Amino acid sequence: MKNDWNNIEANNYIRKYKQKNISKDLALRIYTTQLLGKNNKLVLHGGGNTSLKTTTKNIFNERINIMHVKGSGWDMGSIDSPGLPAVELEPLLKTKKLSKLNDFDMVNLQRKYLLDSKSPNPSVETLLHAFLPFKFIDHTHANAILSLIDQPNDIEICKKIFGNKMGIVPYVIPGFDLAKLAYKIFKKNEKVEGLILLNHGIFTFGNTAKESYDRMIKYVTIAEKKLSKYKNNIINRKKNIKKNNNFNHEIILPLIRKNLSTKNSDGTYTKWIFDIRVNQKILNYLDHSNLKIFTSKGTVTPDHVIRTKAKPLILKIKNMEERNLDNFINKEIKKYKNNYKKYYLKNKKFVKNTIELDGNPRLIYIPKFGIVAIGRSKKEAIIAGDLAEATVEIISKAESLGKFTSIPDKEIFKVEYWPLEQAKLKNATRAILTGNVTVISGGCGAIGLSIAREFLKNGSEVVLLENNINNINKTPQDITKLASIIKCDVTNKSDVKNAIAKVVNMYGGIDIMISSAGAAWQGEMAKVSNKILKESFDLNFYAHQYLSQSCINVMLKQNTGGVLLFNISKQAINPGNNFGPYGIPKAATLSLMRHYTIEYGKFGIRSNGVNADRIRSGLLTKNMISSRAKARNVSEKEYMSGNLLKEEVLAEDVAKAFLFLSLAKKTTGDIMTVDGGNIQAALR
């Protein structure tokens with residue numbers, strides 16, 4: 001493993017944090033914590049922790065010993081000083097004299113002695129860090145270490161490889177008991193440079209940030225070299241397994257999503273988002289004859305269970321006939337849920353006052369297809385996917401060395417239902433559109449971006465379809481970091497089909513379609529050319545139809561309802577002079593919306609439209625506003641607020657209308673007018 005310490009970079013951290021009145025030691029603690037966190041073979045997504053012991057003055061001007069320790073659940077790769085809260089050290093050290101300390105009292109004690117009461121909860125392993133008498137301490141769940149220690153003869157292996165340089169700590173759930181045991185092991189040989197926590201991970205320590213970091217890299221490298229001597233026949237084969245090209249993700253994924261979804265008492269559905277992982281190593285791993293044996297043993301480290309469940313669901317798909325496949329997936333998911341319930345009932349006695357968590361898998365392994373990682377959001381699904389890929393590497397190497405083993409089910413259960421672990425997910429509550437996937441055409445235009453912001457704010461995953469490269473390149477960062485963008489010409493049927501196939505492969509399905517792409521063509525009807533009419537119909541009618549057809553096919557497979565929303569125009573109701581080339585296809589789109597209402601309402605799919613007027617956008621440009629205002633002999637301001645309310649209507653107002661219609665579960669076939677009041681365009 002490469003040692004990424006860089007003296008120039010370290011000094012840059014010292015200078016940067018000095019300007020914030022942060023000490024050299026804490027600056028270097030932040031630096032090495034980030035080095036560890038950015039290496040995905042050491043930690044992933046909030047795993048691991050680090051600490052620094054130092055001194056400060058309290059409000060009485062007394063010098064006291066403190067410890068900075070990683071906040072529970074914080075990501076080491078991007079951590080900053082707020083993620084390393086300071087706790088008074090002496091009260092923590094007093095707990096060494098106790099024989100018992102429950103979790104509530106431990107957390108209460110740690111919070112009581114935080115220097116800043118607004119700080120996050122210190123790590124569940126705070127006492128372990130406190131008890132060890134070193135200035136800097138690092139803890140990771142390094143892949144190579146886990147491959148060595150997830151073995152039936154783990155102690156023998158560790159002694160042979162590390163000798164007396166590392167203490168070996170038997171598995172105990174993190175907290176007070178583990179801290180006491182680790183300290184006891186350390187006291188037997190105070191010359192050790194770290195501790196191996198069986199079935200858990202590795203600690204290293206030192207009196208400088210560099211020393212502790214160097215030791216981590218050193219011992220992980222020793223583990224990697226040991227493993228490299230054993231051929232990995234699971235993921236590195238003479239004959240690689242090929243992906244089955246007959247497996248159509250546009251059928252498989254919506255059917256899985258359908259069978260994971262549950263209908264709520266209010267008629268809405270609890271839905272899930274996917275992240276698909278497939279590469280040669282994964283394909284080889286999933287096709288191994290012992291796959292069921294590997295995966296039935298539990299997680300590679302207990303930390304993972306809250307993200308992945310203890311075991312994945314294996315789907316060995318043989319028949320791609322849709323009805324048979326649907327029945328097969330339904331049966332296998334039900335079986336998984338039943339087994340989870342049995343696991344819960346058998347082990348709930350080990351953790352007081354638990355409420356059964358949902359029984360859906362978080363990982364589905366499909367041989368010759370890939371891994372389907374599942375979460376309430378794309379972010380959660382990506383975390384599960386990253387942990388799954390790490391698991392493939394860890395288990396395949398563990399099996400090459402010996403036999404992969406995990407902790408017993410009851411110990412996994414204790415971690416899964418442990419309040420201190422579940423607390424890491426406390427902010428991952430479902431918003432009103434969490435679990436939904438929204439596709440927006442014309443997505444990088446002014447109206448599309450406003451719609452995207454509104455739907456992202458309410459928890460939906462968002463995909464923007466856009467054909468204008470300039471618009472794509474100008475998409476603001478607040479959108480690009482949360483939404484996906486697919487270049488798509490919505491007037492091209494095959495381009496639309498391919499884009500929707502990409503969306504399904506990225507997220508698992510589609511729930512809300514907002515067909516918003518459009519442009520205004522003008523001309524007198526008696527003089528307009530066929531070319532102009534065709535171009536306008538292509539974008540203002542056929543594009544809506546192509547997108548609706550592709551999305552409906554996905555929604556029908558999911559069988560969880562769905563929403564088709566169309567950005568129509570007041571021109572469909574209240575034609576303007578010389579706007580026939582634009583208004584006629586828009587009127588046809590209004591009719592299209594209502595035909596979808598009639599034909600697909602029985603499947604719970606709603607179809608509605610928004611009629612907006614005079615919205616600043618790529619359609620209503622500054623030049624166009626100027627020319628229309630001039631034609632009407634009014635100012636631009638008067639033109640834009642020329643409605644009954646005398647107020648300009650904004651793109652944000654249109655976005656809110658689309659959001660309302662997406663949530664109005666008993667409204668279909670409706671046109672919502674967003675124009676500030678234009679009685680000539682009123683439907684009723």
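The values are calculated or read from the model by the stated rules, or taken from the named source; none is laboratory data. The model shown is predicted, which means the values in this text are computed figures rather than measured ones. Note: ideal-geometry Cβ built from the backbone for every residue, glycine included; neighbour counts use all protein chains shown. Accessible surface areas use protein heavy atoms only, side chains included; no ligands, DNA or RNA. Shrake-Rupley method; radii C 1.70, N 1.55, O 1.52, S 1.80 Å.
List of remarks:
- Residue within the stretch 498-505 that is open to solvent by 10 Å² or more (accessible area, probe 1.4 Å) and more than 27 Å from the chain's Cα centre (by Cα) present: no
- Within the stretch 3-39, if we keep just the residues that are in contact (Cβ under 8 Å) with a residue 24 or more places away in the chain and more than 26 Å from L132 (Cα to Cα), the residue that is least open to solvent (accessible area, probe 1.4 Å) turns out to be Y17.
- Here S265 does not qualify as at pLDDT below 95, surrounded by fewer than 14 Cβ atoms within 10 Å (Cβ to Cβ), within 23 Å of K397 (Cβ to Cβ) and out of contact with any Asp or Glu (no Cβ under 8 Å at 6 or more places or on another chain).
- Taken together, the residues in the stretch 588-603 that are over 22 Å from F537 (Cβ atoms) and either in contact with a Ser or Thr (Cβ under 7 Å, 6 or more places away or on another chain) or buried (at least 17 other Cβ atoms within 10 Å of the Cβ) (or both) amount to 2.
- Of residues in the stretch 520-542 being assigned to a loop (DSSP other than H, G, I, E, B) and over 21 Å from I615 (Cα atoms), the one least open to solvent (accessible area, probe 1.4 Å): V528
- When the stretch 437-453 is filtered for residues that are assigned to a helix (DSSP H, G or I) and either closer than 12 Å to I485 by Cβ or open to solvent by 20 Å² or more (accessible area, probe 1.4 Å) (or both), the ones remaining, listed by number, are A446, I447, G448, L449, A452, R453.
- Residue within the stretch 648-658 that is among the aromatic types (F, W, Y), out of contact with any Pro (no Cβ under 7 Å at 6 or more places or on another chain) and surrounded by fewer than 19 Cβ atoms within 10 Å (Cβ to Cβ) present: no
- Looking only at residues in the stretch 407-427 that are open to solvent by less than 30 Å² (accessible area, probe 1.4 Å) and part of a loop (DSSP other than H, G, I, E, B), the one that is farthest from D75 (Cα to Cα) is I407.
- First in the stretch 105-124 and within 17 Å of S51 (Cα to Cα), second anywhere and aromatic (F, W, Y) and part of a loop (DSSP other than H, G, I, E, B), Cβ under 8 Å, 6 or more apart: P120/W74
- Candidates T208, T204, T221: the one that is under 28 Å from D25 (Cβ atoms), hydroxyl-bearing (S, T, Y), out of contact with any strand residue (DSSP E or B) (no Cβ under 7 Å at 6 or more places or on another chain) and modelled with pLDDT of 95 or more is T221.
- Residue match in the stretch 566-575 (condition: free of Cβ contacts under 8 Å to residues at least 60 places away in the same chain, open to solvent by 10 Å² or more (accessible area, probe 1.4 Å), out of contact with any strand residue (DSSP E or B) (no Cβ under 6 Å at 6 or more places or on another chain) and closer than 24 Å to V504 by Cβ): no
- Applying the criterion of at least 2 residues that are under 19 Å from M216 (Cβ atoms), in contact with a His (Cβ under 7 Å, 6 or more places away or on another chain) and at pLDDT 95 or above to the helices (runs of 4 or more DSSP H) found wholly in the stretch 1-99 leaves 24-37.
- When the stretch 274-296 is filtered for residues that are over 15 Å from A388 (Cβ atoms) and either small (G, A, S) or buried (at least 20 other Cβ atoms within 10 Å of the Cβ) (or both), the ones remaining, listed by number, are S289, S296.
- Hey, V415 aliphatic (A, V, I, L, M), in contact with a strand residue (DSSP E or B) (Cβ under 7 Å, 6 or more places away or on another chain) and farther than 18 Å from L650 by Cα or not: no
- Selection over the stretch 65-91 of residues that are over 15 Å from R29 (Cβ atoms) and in contact with a Pro (Cβ under 9 Å, 6 or more places away or on another chain) gives a count of 2.
- Residue that is surrounded by the fewest Cβ atoms within 10 Å (Cβ to Cβ) [pool: residues in the stretch 391-406 that are within 11 Å of Y285 (Cβ to Cβ) and among the hydroxyl-bearing types (S, T, Y)]: S396
- Put simply, of D613, D675 the only residue that is acidic (D, E), open to solvent by less than 20 Å² (accessible area, probe 1.4 Å) and touching a residue at least 24 places away in the same chain (Cβ under 8 Å) is D675.
- For beta carbons closer than 7 Å, sequence separation of 6+ or different chains, a first residue in the stretch 322-345 that is crowded, with 16+ Cβ neighbours inside 10 Å and β-branched (V, I, T) and a second that is part of a helix (DSSP H, G or I) and at pLDDT 95 or above, the qualifying pairs are I329/L255; I329/I256; I329/N259; I333/N259; I333/L260.
Each row is one residue, and each column tells you yes or no for (1) within 18 Å of I407 (Cβ to Cβ); (2) without any contact (Cβ under 8 Å) to a residue 12 or more places away in the chain; (3) surrounded by 17 or more Cβ atoms within 10 Å (Cβ to Cβ).
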{"position": "F131", "(1), (2), (3)": "no, no, yes"}
{"position": "A142", "(1), (2), (3)": "yes, no, yes"}
{"position": "L148", "(1), (2), (3)": "yes, no, yes"}
{"position": "D154", "(1), (2), (3)": "yes, no, yes"}
{"position": "M166", "(1), (2), (3)": "no, no, yes"}
{"position": "K187", "(1), (2), (3)": "no, yes, no"}
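- The stretch 195-299 holds helices (runs of 4 or more DSSP H) entirely within its bounds, and those carrying 2 or more residues that are acidic (D, E) map to 209-228.
- The listed residues are A388, A431, A373, and the only one of them that is more than 26 Å from V124 (Cα to Cα) and either open to solvent by less than 40 Å² (accessible area, probe 1.4 Å) or among the β-branched types (V, I, T) (or both) turns out to be A373.
- Close Cβ contacts (under 8 Å, 6 or more residues apart or on different chains) running from residues in the stretch 636-652 that are under 18 Å from M624 (Cα atoms) to residues that are of a type in the set (S, T, Y) and open to solvent by less than 40 Å² (accessible area, probe 1.4 Å) comprise E648/S641; L650/S450; A651/S450; A651/S617.
- Some residue of the stretch 635-647 being crowded, with 17+ Cβ neighbours inside 10 Å, within 18 Å of S450 (Cα to Cα) and either under 33 Å from the mean Cα position of the chain (by Cα) or of a type outside the set (A, V, I, L, M, F, W, C) (or both): no
- Only listed residue being of a type in the set (A, V, I, L, M, F, W, C), assigned to a strand (DSSP E or B) and buried (at least 23 other Cβ atoms within 10 Å of the Cβ), chosen from V490, V563: V563
- When the stretch 310-356 is filtered for residues that are of a type in the set (V, I, T) and in contact with a Leu (Cβ under 9 Å, 6 or more places away or on another chain), the ones remaining, listed by number, are I314, I317, I329, I333.
- Residue count, the stretch 58-69 (criterion: under 41 Å from the mean Cα position of the chain (by Cα) and open to solvent by 40 Å² or more (accessible area, probe 1.4 Å)): 2
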